[in-house]
Amino acid sequence: MICTTSPSILEINLDAVAENYRFIKEKLKKDTLCAAVVKANAYGLGAVEVSRALYAQDCHHFFVATFEEGLEAREALSFSLPPSSRPSPAHAQERAGGEGEEGRAAIYVLHGANGASLEDFLQHNLIPVLNTRDDIQIWADFAKRTEQKQPAILHIDTGMNRLGLSAQDLSLLNTDILRPLDIRYVMSHLACSDDPDHPKNSEQLDLFKILSAKTGLSSRLSLANSGGIFLGEEYHFDLVRPGCALYGLNPQSNAPNPMQNVITLKARILQVRRVDRAGSVGYGASCAVSSGTLCAVIAAGYADGLFRSLGGRGRVVINGEKCPILGRVSMDSIVVDVTGLKIEPQVGDWAEILGSHQTADDVAAQAGTIGYEILTALGKRYKRIYR
Ligand SMILES: *Cc1c(COP(=O)(O)O)cnc(C)c1O
């Protein structure tokens, strides 16, 4: 262990992120490019570090949700490559799917050209995903004003009823409006890709083919998130957009997780106490304990992303053994049962909250949520160590 006196440590294994990226790339149809979704601070793991690590793996396409996130990613990737590792311009063009600037990553903003002026998007080379006919009109007008073809992704909805143009929007769209734009990709998003048996997957696939053809564009296509990649090559098209799988979550709910674990979260034991008289543990006195129970108090609570719903249901791992959480989760601490462990834990020992013994998906199941929420809820208090 590198450190020291920190009460809690979040270790993020960037090699594992890189390995997950390579693993996904190997699954892809020939000529399909692999982007990375780094929205929400790379699902809580750190957009700057993750984006740089993936860029080093030749990832040249990044998706964020907002302008601010795009700016952060652009700054993270603004370093220039050493001359020896620079791709040739032709190569860069191909790699970046027409991005065209030597070694520069394409950064796409899923929420469109909002949250900043259009000039800001242009200045920082952030490419909006156009979700509505108004979005298209505004970006096309801007392109005319700048007398320059502006890049964009066109998002069509194929059944999720979230963002993107509906079939009706598309039929009302006069495609001449797209002329001042350089539509890099036509994309859609799958609603049920984590469940390979869900009939909605193939319905969306079929509709995507039909609707993308209706645009009359010869743009490249993008449909698959992490789960979609594992549905098979027909879902890959020209660009895939994995997020969760890069960060070690299981992209498919009914199969063993093929991805490498990326994070280890551990917190120190602040106190070890033997219950001297039958009573209860924690707020609400909701958990009865008998005399003789050995309790360890751990330095992490709901302010650190330990869901309160883990009270009485979750566990931590101390010296390789699982220890159930007793009573409610407090803001800054939990109490766990360490009675009868092979090695009696000491103050200052580590309790693993997330890691190889129990993944974010496991803890999500205990907390009644999904791994995505566990990752994005990780607090700011941890000392972060990037490997
Ligand atoms: C978040 C998101 C993704 C990534 O999804 P994962 O399930 O994490 O792989 C891809 N595409 C869009 C449009 C998204 O919003």
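Miscellaneous remarks
- Our helix-only sum for the chain, with -39,500 (n - 2.57) per DSSP H run of n ≥ 4 divided by its residues, gives a mean residue ellipticity at 222 nm of -7500 deg cm²/dmol.
- The packing ranking, built from the mean of other Cβ atoms within 10 Å per residue, places the peptides 29-38, 165-174 in the order 29-38, 165-174, highest first.
- Note on Lys29: lysines with a C-alpha under 19 Å away, same-chain residues under 8 apart excluded, are Lys209.
- Stokes-Einstein diffusion coefficient of the chain, Kirkwood radius over Cα pairs, 37 °C, 0.692 mPa s, in µm²/s: 144 µm²/s
- The residue among Ile385, Pro242, Val336 whose Cα reaches farthest toward the positive pole of the charge dipole of the chain, with charges on the beta-carbon of Lys, Arg, Asp and Glu, is Val336.
- Cβ-based exposure ranking for Lys39, Lys25, in which fewest neighbours within 10 Å come first: Lys25, Lys39
- Selection from Gly227, Gln346, Leu211, by position along the positive dipole direction of the chain (Cβ): Gln346
- Mean separation of Cα contacts under 8 Å (6+ apart) over length of the stretch 178-221, as relative contact order %: 52 percent
- Using the alpha carbons alone, the radius of gyration of the stretch 211-296 stands to its Kirkwood radius in an Rg to Rh ratio of 1.39.
- The local environment of Ala167, defined by Cβ-Cβ distances under 11 Å, has a net charge of -1 under the rule Lys, Arg +1 and Asp, Glu -1.
- Cα extents of the stretch 222-379 along the three principal axes, largest first (Å): 65, 30, 25
- Contact order for the stretch 215-296, expressed relative to its length and based on alpha carbon pairs under 8 Å spaced 6+ residues apart, stands at 18 percent.
- Full extension of the chain between Asp197 and Lys30 gives 57.6 nm of extra length, using 0.36 nm per residue less the Cα-Cα distance.
- Spatially proximal lysines relative to Lys214 (Cα-Cα < 17 Å; intrachain offsets below 8 disregarded): none
- On Cα atoms only, tilt of 67-76 relative to the major axis of the chain in degrees: 80 degrees
- The protection proxy used here, the mean number of other Cβ atoms lying within 10 Å of each residue, ranks peptides 66-73, 210-217, 105-112 as follows, highest first: 105-112, 66-73, 210-217.
- Compared with the dominant principal axis of the Cα atoms in the chain, helix 199-214 is inclined by about 30°.
- Too-long pairs where the Cα-Cα distance tops 25 Å, listed order kept, from Lys266/Lys342; Lys30/Lys144; Lys27/Lys149: Lys30/Lys144; Lys27/Lys149
- Residues in the stretch 151-156 carry Karplus couplings, in order, of x, 6, 10, 9, 9, 10 Hz; the curve used is 6.51 cos²θ - 1.76 cosθ + 1.60 with θ = phi - 60°, and Gly or Pro positions show x.
- Size of charge dipole - the stretch 169-306 - debye, nearest 20, with Cβ of Lys, Arg +1 and Asp, Glu -1, no other charges: 780 debye
- A protection proxy built from the mean count of other Cβ atoms within 10 Å ranks the segments 277-285, 118-126, most packed first, as 118-126, 277-285.
- Relative contact order for the chain, counting Cα pairs under 8 Å that sit 6 or more residues apart, in percent: 17 percent
- Between the amide H of Cys295 and those of Arg273, Arg274, Val275, Val338, distances stay under 5 Å, these residues lying 5 or more places away or on another chain, with hydrogens modeled in the peptide plane.
- Rounded to 5, the percent of DSSP beta bridges in the chain classed as antiparallel: 50 percent
- Simple point charges give the picture: +1 on the Cβ of Lys and Arg, -1 on the Cβ of Asp and Glu, and for the chain a dipole about the Cα centre of about 820 debye.
- Percent of C-alpha pairs per 10 Å bin, the stretch 209-256, short to long: 26, 44, 22, 8, 0
- Taking all pairs of distinct alpha-carbon atoms in the stretch 119-237, Kirkwood radius in angstrom: 14.8 Å
- Across the stretch 270-354 the C-alpha pair distances fall into 5 Å bins from zero in the proportions 3, 16, 29, 27, 18, 6, 0 percent.
- Compared with the dominant principal axis of the Cα atoms in the chain, helix 133-146 is inclined by about 60°.
Bear in mind these aren't lab numbers, they're just calculated from the coordinates by the rules spelled out. This is a predicted model, so every value here is computed, not measured. No Cβ is skipped: glycine too gets one built from the backbone with ideal geometry, and neighbour counts run over all protein chains shown.
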